[in-house]
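Quick notes on the structure that follows.
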Amino acid sequence: MTDSTPIDHPPRKKVLVVACSDPLVMDAVAAVLSTWELVCANDDKEALGLVESSPFDLVITAEHSAGREDVELLRKIRMVRPHTRLIILTDESTPADVVAAIRARAFSYFSKPFSKSSLEEMLQLATECPAWDEGIELLFGTDSWIRLSARCDMATANRLQQFIREVVDLPEAEKEKVGMAFREILLNAMEHGGKFNPERHVEIGYLRARSMIMYRVKDPGDGFSLQENLDTAANNPPDDPLRHAKHREAGGMRPGGYCVLLAKNLVDELIYAEKGNEVLLIKYTDKNEHGESAPPAENVPS
C-alpha cells in the first residue's frame, strides 16, 4: 500500500518588475530568476497596489524613473511589507538619492549605464542573502560625507561596493579604478580584522571634498604591522615572489594578498594608521598641466 499523502512544495518565489520595457533588465531577470513567478506593473501606483495585496520576494523598479521617486516607492512598500527586497534602477540619480536609498534599506541601486552582468550578480545575491537588511547601516550621510557600518561577509561587501560606486562622481575609467582599490581594502578589512564573521562589522567613511575623494575603512580587529604581514605580496622577498600565496594557502585564507600593491597603483595615497586596522584611500581630482594628480592645498586641514 502506497502512501498517498500529498507532498507540500514550498511556494514559488515571486518577483515584481515595474515597467517591463528594458530588454537588458528582462534578460537578466530571465537568466537568474527563471524559476520565479514574474509579475509586471505599469507604474509605481500599480506596483504598490500589487505589493499591498500580495507579498513579493523581490521588487525591481522602473529604469526610466528618477532615483528619488524609487526611494519614495521603497518607503511606501516598507510600510506594508517591511522586509521586501527592492533593487532600484534609474535614469536620473544624484548622490543624495543614493544616500536616501541606503537609509531606506534598498537592496541595491543602479543608475544607467550599467551592465547586464553586474545586474545579474546582484539578482543572484538577492536570492541568497539571509537577513540582508541588517547588513549595511547608515550612521550618517549627506551627498558628500557618509559613514556606514557593514557586516563582514562577501555578499555585503558586493552590495556596499555598488552603493559607493553610485555615489562617486568621477569619469567612468577613474570610477572603476577607485572602486577596485576600495573593494580590495574593504575585503582585506573583512578578512583580517573581521575574519569574515557576520557578527562583526567594519566601519566605512566616504568624503567628497572640492579637490579629492577619500575613503576610510576601519576593521574590528586588533591591528597588525603592515611591514611584518606575511599575507600580502607587498612584503615578498625578491627571491620568493609567491611567499604570501603559500602562507595564505597554509592558513586556509582566500587567494589574494595583492590588495595593498593594487590599491597603491589605483589611488594617489594609501595611508595606514599606527595599529594597522584603519586605512585611508585618497584620490585627488584636480590635475596639473601634465594630467597628474595635484597635491592638496596647504590650507586644507589635516
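The values are calculated or read from the model by the stated rules, or taken from the named source; none is laboratory data. Everything quoted here is computed from the prediction, not taken from an experiment. With ideal geometry, Cβ positions are generated from the backbone for all residues, glycine too; neighbour counts draw on all protein chains shown.
What the table below lists for this structure:
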read-out: Any chance ARG12 is more than 18 Å from PHE114 (Cβ to Cβ), surrounded by 13 or more Cβ atoms within 10 Å (Cβ to Cβ) and modelled with pLDDT under 95; value: no
read-out: Residue tally, condition more than 16 Å from LEU74 (Cα to Cα), of a type outside the set (Gly, Ala, Ser) and not in a helix (DSSP H, G or I), over the range 105-119; value: 3
read-out: Index of the failed condition, GLY193 passing every other in (1) under 29 Å from SER117 (Cβ atoms); (2) crowded, with 21+ Cβ neighbours inside 10 Å; (3) not acidic (Asp, Glu); value: (1)
read-out: Flag for LEU148 being crowded, with 17+ Cβ neighbours inside 10 Å and not assigned by TED's automatic domain parsing to the domain that holds MET214; value: no
read-out: Residue within the range 181-200 that is farther than 26 Å from TRP145 by Cα and at pLDDT below 60 present; value: no
read-out: Given (1) assigned by TED's automatic domain parsing to the domain that holds LYS283; (2) part of a helix (DSSP H, G or I), number of the condition MET122 does not satisfy; value: (1)
read-out: Which listed residue, of SER4, SER53, is modelled with pLDDT under 95 and either of a type in the set (S, T, N, Q) or in contact with an Asp or Glu (Cβ under 7 Å, 6 or more places away or on another chain) (or both); value: SER4
read-out: Residue match in the range 125-135 (condition: crowded, with 22+ Cβ neighbours inside 10 Å and within 25 Å of SER211 (Cβ to Cβ)); value: no
read-out: Qualifying residue in the range 246-254 (condition: at pLDDT below 55, touching a helix residue (DSSP H, G or I) at 6+ places or on another chain (Cβ under 7 Å) and surrounded by 18 or more Cβ atoms within 10 Å (Cβ to Cβ)); value: no
read-out: Hits in the range 151-171 (condition: crowded, with 17+ Cβ neighbours inside 10 Å and touching a strand residue (DSSP E or B) at 6+ places or on another chain (Cβ under 8 Å)); value: ARG151, CYS152, THR156, ALA157, ARG159, LEU160, GLN162, PHE163, ILE164, GLU166, VAL167, VAL168
read-out: Filter result for the condition that a residue is farther than 18 Å from ASP91 by Cβ, among the charged types (D, E, K, R) and in the same structural domain as SER117 (by TED's automatic domain parsing), over GLU72, GLU46; value: GLU46
read-out: Selection from the range 75-104 of residues that are free of Cβ contacts under 8 Å to residues at least 60 places away in the same chain, touching a helix residue (DSSP H, G or I) at 6+ places or on another chain (Cβ under 7 Å) and in a helix (DSSP H, G or I); value: LYS76, ILE77, VAL80, ASP97, ALA100
